[in-house]
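The next block holds one structure in the form of structure tokens; read it before the comments.
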Amino acid sequence: MTLHGEIQDPEFLRFLEQIGQERMASFSTEDFLLIDLVHREQVLPDFLKSRIPHLLEQGVIERWGRGRGVRYILSRRFYRFLGKPGVYTRRRGLDRETNKALILKHIGDNATLGVRMEELRQVLPSHSRSQIQVLLRELRKEGRVHVHGATRSALWFPGPARKDCNHEGEKLQ
């Protein structure tokens, strides 16, 4: 049987050749299928998942996240090989502390009016509402933000909540 195919990314093939030579590793057809799906950010079918540990070990892909939210992306090493480390950062996303810093900066910049959840979803568009809520709970527990109100009308402000002041820091009578 003869299979005909087209190489869509010659740079990626050179990267795999380099890894193969360095580590004496070989890649199966299933590996190439899995790598292509990871590259295109597609769902991985069950029959290919057994190849994930091999590709992680070879440094071709990386695991990102935990539990049901785990994702696989092409490795940092691949994007460095291409000379595009910024693409790696964009695909992987920012780390937890950086995301918290972005939220904190936006809340600080809008300290007098407060910030609604919908604004924070614009700050971190790749995050779900519940992911942003988790970050806000952490910031609140650290005493770096507080909330005034509830539901959709809730407003977030910088700093810990003070019992003797309203949300704008003015003394209550």
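The values are calculated or read from the model by the stated rules, or taken from the named source; none is laboratory data. Every value quoted in this text rests on a predicted model; they were computed, and no experiment measured them. Cβ sites come from the backbone with ideal geometry, for glycine too, and all protein chains shown count toward neighbours.
Brief remarks on what is shown
- The stretch 1-59, subset at pLDDT 85 or above and aromatic (Phe, Trp, Tyr), residue farthest from ARG92 (Cα to Cα): PHE47
- Residue pairs whose Cβ atoms lie under 9 Å apart, sitting 6 or more positions apart in sequence or on different chains, and linking a residue in the stretch 4-26 that is free of Cβ contacts under 8 Å to residues at least 24 places away in the same chain to a partner that is of a type outside the set (A, V, I, L, M) and outside any helix (DSSP H, G or I), are GLY20/SER26; GLY20/PHE27.
- The single condition among (1) closer than 21 Å to ARG40 by Cβ; (2) surrounded by 10 or more Cβ atoms within 10 Å (Cβ to Cβ) that GLY86 does not satisfy is (2).
- The stretch 101-135: number of residues that are of a type in the set (A, V, I, L, M) and not in a helix (DSSP H, G or I): 4
- One residue from VAL115, VAL43, VAL38 being of a type outside the set (Phe, Trp, Tyr) and assigned by TED's automatic domain parsing to the domain that holds LEU136: VAL115
- Sole residue being among the aromatic types (Phe, Trp, Tyr), within 11 Å of the chain's Cα centre (by Cα) and under 21 Å from LEU13 (Cα atoms), chosen from TYR88, TYR79: TYR88
- Verdict on ILE73 being surrounded by 15 or more Cβ atoms within 10 Å (Cβ to Cβ), part of a helix (DSSP H, G or I) and either touching a residue at least 12 places away in the same chain (Cβ under 8 Å) or in the same structural domain as LEU136 (by TED's automatic domain parsing) (or both): no
- Considering the stretch 16-68, and only residues there that are among the polar types (S, T, N, Q) and part of a helix (DSSP H, G or I), the residue that is nearest to the chain's Cα centre (by Cα) turns out to be GLN58.
- The set of residues from the stretch 75-104 being under 14 Å from HIS127 (Cβ atoms) and either at pLDDT below 85 or touching a Cys at 6+ places or on another chain (Cβ under 9 Å) (or both) comprises ARG92, GLY93, LEU94, ASP95.
- Restricting attention to the stretch 57-66, the residues being touching a residue at least 12 places away in the same chain (Cβ under 8 Å) and of a type outside the set (Val, Ile, Thr) number 4.
- Of all residues in the stretch 101-159, those satisfying the criterion of being over 28 Å from ARG91 (Cβ atoms), surrounded by fewer than 17 Cβ atoms within 10 Å (Cβ to Cβ) and of a type in the set (Lys, Arg) are ARG116, ARG140, LYS141, ARG152.
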